[in-house]
1. Just one of the numbered conditions (1) part of a loop (DSSP other than H, G, I, E, B); (2) out of contact with any Asp or Glu (no Cβ under 6 Å at 6 or more places or on another chain) is not true of Thr154; which one?
2. Within segment 158-168, identify whether any single residue is of a type in the set (Asp, Glu), surrounded by fewer than 14 Cβ atoms within 10 Å (Cβ to Cβ), assigned to a helix (DSSP H, G or I) and in contact with a Gly (Cβ under 8 Å, 6 or more places away or on another chain), and answer yes or no.
3. Condition test on Ile33, is it touching a residue at least 60 places away in the same chain (Cβ under 8 Å) and over 19 Å from Ala244 (Cβ atoms)?
4. Scan segment 247-271 for residues that are within 17 Å of Leu20 (Cα to Cα) and buried (at least 24 other Cβ atoms within 10 Å of the Cβ) and report the count.
5. Kindly provide the set of residues from segment 28-78 that are touching a strand residue (DSSP E or B) at 6+ places or on another chain (Cβ under 6 Å), of a type in the set (Gly, Ala, Ser) and either at pLDDT below 95 or assigned to a helix (DSSP H, G or I) (or both), ordered by number.
6. Please go through (1) more than 23 Å from the chain's Cα centre (by Cα); (2) not assigned by TED's automatic domain parsing to the domain that holds Ala31 for Leu69 and return the number of the only condition it doesn't satisfy.
7. Looking for whichever is closer than 23 Å to Gln132 by Cα, buried (at least 18 other Cβ atoms within 10 Å of the Cβ) and in contact (Cβ under 8 Å) with a residue 60 or more places away in the chain here; the options are Val6, Val81, Val11. Which one fits?
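The values are calculated or read from the model by the stated rules, or taken from the named source; none is laboratory data. All figures in this text were calculated on a predicted structure; none of them were measured in a lab. Note: ideal-geometry Cβ built from the backbone for every residue, glycine included; neighbour counts use all protein chains shown.
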Amino acid sequence: MKLLFVTSTRVGDAILSTGLLDRIIERNPGARITVACGPAAAPLFEAVPGLERIIVLDKMLFSLHWLRLWLLCAGRIWDLVIDLRNAPVTYLLVRKMRRGMPRDGSDERRVERMTRVLDLDRTPDPKLWTKQAHLDYAADAIPDGGPVLAVGPTANWQAKTWRPEYFTELIERLTLPTGILPGARVAVFGRDDERPMALGLIGSIPEELRIDLVGKLDLLTAYACLERCDFYVGNDSGLMHLAAASGLPTLGLFGPTQEQLYAPWGEHTGIVRTSVPFKKIFPEDFNHRTSGTLMDSLTVDMAAAGARDLWARCGEGK
């Protein structure tokens, strides 16, 4: 079977689509797979079983990236084309079957809409594949030796980032003798370009407990590291979805994004959000490129209570 799988530009959406890809692989052993996605998401698919090629869809003027996709794919007869971007050019490919993302259900979570792409009986959990090198690096970065609290203090726009001092206080509460992870080491995750955002938090963690991974990991290595942790708390971001996909108890912090659409997916997930509701949180002059945080009505007490509730619901760990 030859499969073309066209998925998202954004990391979080691409992660959510991996459950659908996993179901196809399960149903079609030995499938030869081509994945087309944005550059940020491409590393997620490097270890997919049966992978033949990743086509990176760098955005081009006049949407010429779609013409490039057609030129790269037009010379084959595809058994199945899954197009989660609903690009018109995929209708022009020679294929036995093409399925796209349902256009209805704007209030339905994206991961649930993907269930209807192939009329599945249930929504598939995201699934990522790693190589031994990712696992080896993770074992060195986070060696055995007690619990680890993973923290994601960054996001792609500042309005949805919780203040570093709030993270500092939450970490202290969760790692106290009375917390959910007494004496835990703290692993801080984030991209290299996000390091300035994380420096204050990194410096507040005692050196003997600190595992500074900001800017040091590719996506699959970060995933392997998250699998070695015990609990994750962080802003709404691709990293949050990566943590949830690992099976790690994952608490997402929400404010200027809609949790009913973008909450982490999985049995061991939860969210807490600002007391100011989504529809009222934005100032009249809001600009996501220049706005400061809009997360201040989410208190440390609220986040700590959410962490305790999720920890109890998960049976005190995954």
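1. Answer for Thr154: the failing condition is (2).
2. yes
3. no
4. Number satisfying all stated conditions: 1.
5. Within segment 28-78, just Ala42 meets the criteria.
6. (2)
7. None of the others qualify; the one that does is Val11.
Yes or no, residue by residue, for (1) of a type in the set (D, E, K, R); (2) within 24 Å of Glu316 (Cβ to Cβ); (3) under 14 Å from the mean Cα position of the chain (by Cα):
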residue	(1), (2), (3)
Arg228	yes, yes, no
Tyr232	no, yes, yes
Ser237	no, no, yes
Ala245	no, yes, yes
Ala263	no, yes, yes
Pro277	no, no, no
Phe282	no, no, no
Arg289	yes, no, no
Gly292	no, no, no
